[in-house]
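Worksheet: the structure to be examined is printed underneath.
What follows is calculated from the coordinates using simple rules that are stated; it is not laboratory data. This one's a predicted model, so the numbers in the text were calculated from it and none came from an experiment. Here the Cβ is made from the backbone with ideal geometry for all residues, glycine too, and neighbour counts use every protein chain on show.
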Amino acid sequence: MRNAHEFDDFYTASSRRVLGQVYAMIGNHAEAEDAVAEAYLRAWDRWSRVRECDSPEAWVRRVAYRIAVSAWRKAANRLRAHRRDTTTEQVDAISPDHVALVHALRQISADQRRVIVLHHLVGLSVAEIAAETGASPNTVKTWLARGRRALAEHLTTVEPYVMDGGQP
């Protein structure tokens, strides 16, 4: 039996967080919104089973990620047609660090981006990420290490120096 009040509480407590996490994993806010909305709809349809999961939030996040990936394979432009009008929402100022991080995350592979987000933003352990992604723990560790190195390359600022007689 579905409990609307219980589901509404779950949705209210987790939807913004899951949206931010999926957005960080896939790099497109509109597509993340669509995938997360569909994932919550599926969770509602299966709420009696989903609510018994160890982490219903992880279930929704995993489903949302799979929906986004599936949509890319089928038709990348299909989801863009469903953008929501957000012009009336108050948006907090975005810091330069936030912009740099989002840009850097878009530069690394999807697998690396996904595990970086799950580990550093969601706070999942390597074992939890392995369970969620279906990859081995060693593969997750490799993606994390390579992802961190790749991010470092995109986030490191090299200060220019002045040449003085051939000397830096």
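Quick one: the Cα spread of the stretch 94-156 along its three principal axes, in angstroms, biggest first?
Sorted largest first, the three principal extents are 34, 20, 15 Å.
R0 = 30 Å: FRET efficiency of His29 with Thr156, Cβ-based, nearest 0.05? Don't skip to the end; give the middle numbers.
Numbers: r = 26 Å, r/R0 = 0.87.
Efficiency at R0 = 30 Å is approximately 0.70.
For Asp9 paired with Leu121, estimate the spin-label separation in nm (one decimal), with each label point 7 Å from Cα along the Cα-to-Cβ line.
In this crude label model, Asp9 to Leu121 measures out at 2.8 nm.
Tell me, what ³J(HN,Hα) does each residue in the stretch 33-47 have, in order and in whole Hz, if you take phi through Karplus 6.51 cos²θ - 1.76 cosθ + 1.60 with θ = phi - 60° and put x for Gly and Pro?
4, 5, 5, 5, 4, 5, 5, 5, 4, 5, 5, 4, 4, 10, 3
Suppose every K and R has +1 on its Cβ and every D and E has -1 on its Cβ; what is the size of the dipole of the stretch 94-156 about the Cα centre, in Debye to the nearest 20?
Numbers: 7 positive and 5 negative charges, 33 e Å.
Roughly 160 debye for the stretch 94-156.
Figure the gain on full extension for Gln107 and Ile94 (residue separation times 0.36 nm, minus the Cα-Cα span) and round it to one decimal in nm. Don't skip to the answer; put the middle values down first.
Working: separation 13, 0.36 × 13 = 4.68 nm, distance 1.93 nm.
Length gained between Gln107 and Ile94: 2.8 nm.
Please give the peptides 111-121, 47-57, 137-147 ranked by average Cβ packing (other Cβ atoms within 10 Å per residue), highest first, as a rough proxy for protection.
Values: 111-121: 21.5, 47-57: 13.9, 137-147: 17.1.
Peptide ranking by packing, descending: 111-121, 137-147, 47-57.
Order the peptides 32-38, 125-131 from the highest to the lowest mean number of other Cβ atoms within 10 Å of their residues. Show your work: numbers first, answer last.
Working: 32-38: 22.0, 125-131: 16.7.
Output ranking for 32-38, 125-131: 32-38, 125-131.
What nm distance separates the two modelled labels at Glu52 and Asn138, each placed 7 Å from Cα along Cα→Cβ?
Label-label distance for Glu52 and Asn138, simple model: 3.6 nm.
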